[in-house]
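Peer 1: Quick one: this structure, given as structure tokens, is what I'll be asking you about.
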Amino acid sequence: MLGFLSARQAGLDHPLRLRRAESTRRVLGLELNKDRDVERIHGSGVNTLDIEPVEARYMLSGGSDGVIVLYDLENSSRQPYYTCKAVCSIGRNHPDVHKYSVETVQWYPHDTGMFTSSSFDKTLKVWDTNTLQTADVFNFEETVYSHHMSPVATKHCLVAVGTRGPKVQLCDLKSGSCSHILQVIFAGHRQEILAVSWSPRCEYVLATASADSRVKLWDVRRASGCLITLDQHNGKKSQAVESANTAHNGKVNGLCFTNDGLHLLTVGTDNRMRLWNSSSGENTLENYCSTEPLCMMRVYHISQVNYGKVCNDSRKGLKFTVSYGCSSEFVFVPYGSTIAVYTIYSGEQITMLKGHYKSVDCCVFQSNFQELYSGSRDCNILAWVPSLYEPVPDDDEPTTKSQLNPAFEDAWSSSDEEG
């Protein structure tokens, strides 16, 4: 740390290099915070979490009981031990409460005045945060598994919805009425859509994952729609092979883009997690690839990224997350009653976060303070924070480059943040 500070003071290093190194150190030191509780409101499992991107202060949770809770994560008491209190909740007595399990909650990407929720009761609801009343309700013929709003869209207000049917549906928030739902339906999957995610790089690119073992990338502006169907064999096997044009050998129930949008992570019930080049559709376990053009100056050399076995016994969508602002980014994946932490571009498992006593179904990363929140079937939400202390190396044993954790190796250059 002193070396980074000295280099920054002397003008030898860009300030962002210090920030990335410190963010990486904090993520590698994540541990269960015994001094911070999250108020327990849900009477059954917690399925989904989301932290608003504006202040990163308020968190939504949705549970199997149909209840939605809004938490304030800020420590206003300034005491070392505190509880993140529920600011408000949409409980069982609320007139607009979901009838069945809430599968996804998401803040409106541009302010905290609105959020959305979807449920097994076949509805997508748009909520006014201030009044906790529904501003709009979208009804579907099938059970809703997942929905997502683009974090970068400026030219559309589309919500992608995955249901028990094999069609991806887009709802336009600008219509303002259920009678004017825009439902652009893409055929292509053969079974239910378990996860959907918009690209953070292009506002018109949508990824969908299905129980038919397939993952597809769509351009919603195109009549044909589908851009790529991800193939775990990268086209090396005959089309007659049963696994041809499939991303996994089981249901695909989780999707997550890296924050730069250049790669897509998928998880399946075959107990595998795969990393894909979102431009070419290549499976990085099969082919060597680099993440960006040389002109972007941030190049990770990826060769056969293998995460090993990633236990996944979820029968519905699995919500996992990635870090942001680190020297080498990390992915946090529910793994039974624990959370597995991997470096994205090497596949190395860094640690397993243990604290829940039942299966974890969701987790969300808070990038401002490098904190992680997780929700489980044990009805609890746990906070994971960076350790305050780290081991001090012996002066007689200087750390060599070969002794460094690969996650600390910085692949960033100053032009990365430039337009």
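The values are calculated or read from the model by the stated rules, or taken from the named source; none is laboratory data. Note that this is a predicted model, so its numbers are computed, not measured. Note: ideal-geometry Cβ built from the backbone for every residue, glycine included; neighbour counts use all protein chains shown. Ligands, DNA and RNA are excluded from the accessible area calculation, which covers all protein heavy atoms including side chains. Shrake-Rupley method; radii C 1.70, N 1.55, O 1.52, S 1.80 Å.
Peer 1: Going by amide H atoms built from the backbone, whose H comes under 5 Å of the H on K122, apart from near neighbours?
Peer 2: Residues meeting the amide H criterion: V144.
Peer 1: Need one number: nm distance between label points at S224 and D260, each 7 Å from Cα along Cα→Cβ, rounded to one decimal.
Peer 2: According to this spin-label approximation, the distance is 2.9 nm.
Peer 1: Let me have the relative contact order for region 341-383, percent, based on Cα pairs under 8 Å that are six or more residues apart.
Peer 2: Once divided by the residue count of region 341-383, the mean separation gives 29 percent.
Peer 1: Within region 81-118, which chymotrypsin sites (Phe, Trp or Tyr not before Pro) sit in a loop by DSSP and count at most 11 neighbouring Cβ atoms inside 10 Å?
Peer 2: Counting only loop positions with at most 11 other Cβ atoms within 10 Å, the chymotrypsin sites (Phe, Trp or Tyr not before Pro) in region 81-118 are Y81.
Peer 1: Obtain the nm distance between the two label points defined at L132 and R40 by a simple spin-label model: each point lies 7 Å from its Cα along the Cα-to-C-beta direction.
Peer 2: So the label points at L132 and R40 sit 2.1 nm apart.
Peer 1: Skipping prolines and chain starts, which residues have an amide H placed within reach, meaning under 5 Å, of the one on S376, given they are 5 or more residues away or on another chain?
Peer 2: Counting only residues 5 or more places away or on other chains, the set is V46, D361.
Peer 1: When the Karplus curve 6.51 cos²θ - 1.76 cosθ + 1.60 is applied with θ = phi - 60°, which whole-Hz ³J(HN,Hα) does each residue of region 323-338 get, with x for Gly and Pro?
Peer 2: 7, 8, x, 9, 5, 10, 6, 10, 10, 10, 10, x, 9, x, 8, 10
Peer 1: Just the number please: accessible area per residue for region 88-176, 1.4 Å probe, all protein chains included, in Å².
Peer 2: I get 41 Å² per residue for this part.
Peer 1: Ordered by residue, what ³J(HN,Hα) values in Hz, to whole numbers, does region 40-52 give under the Karplus form 6.51 cos²θ - 1.76 cosθ + 1.60, where θ = phi - 60° and Gly and Pro are x?
Peer 2: 8, 10, 5, x, 8, x, 9, 8, 8, 9, 8, 9, 5
Peer 1: For V215, which sequence-distant residues (separation of 5 or more, or a different chain) have an amide H within less than 5 Å of its own amide H, given hydrogens modelled in the peptide plane?
Peer 2: Result for V215 returns L230, A247.
Peer 1: Identify the GluC sites (Glu not before Pro) of region 98-167 meeting these criteria: DSSP loop state and at most 14 other C-beta atoms within 10 Å of the C-beta. Mind dumping the intermediate values first?
Peer 2: Details: sites: E103, E141, E142; in loops: E141, E142.
Answer in residue order: E141.
Peer 1: Tell me, what % of the accessible area of region 1-159 is carbon and sulfur with a 1.4 angstrom probe?
Peer 2: 48
Peer 1: Next question, about the same structure. For T123, what charge total do you get from the other residues with a beta carbon under 15 Å from its beta carbon, if Lys and Arg give +1 and Asp and Glu give -1?
Peer 2: Here the charged neighbours net out to -2.
Peer 1: Please give, to one decimal in nm, the separation of the simple spin-label points placed at A244 and N306, each 7 Å out from Cα toward the Cβ.
Peer 2: 2.6
Peer 1: Which of the residue pairs K216/K358; K99/K251; K34/K85; K167/K316 have a Cα-Cα distance greater than 20 Å in the structure shown?
Peer 2: Correct reply: K216/K358; K99/K251.
Peer 1: Mind listing the phi-derived Karplus ³J(HN,Hα) values for region 345-357, rounded to whole Hz, using 6.51, -1.76 and 1.60 with θ = phi - 60°, and x for any glycine or proline?
Peer 2: With the stated coefficients, region 345-357 comes to 8, 10, x, 6, 7, 7, 6, 10, 8, 10, x, 6, 10 Hz.
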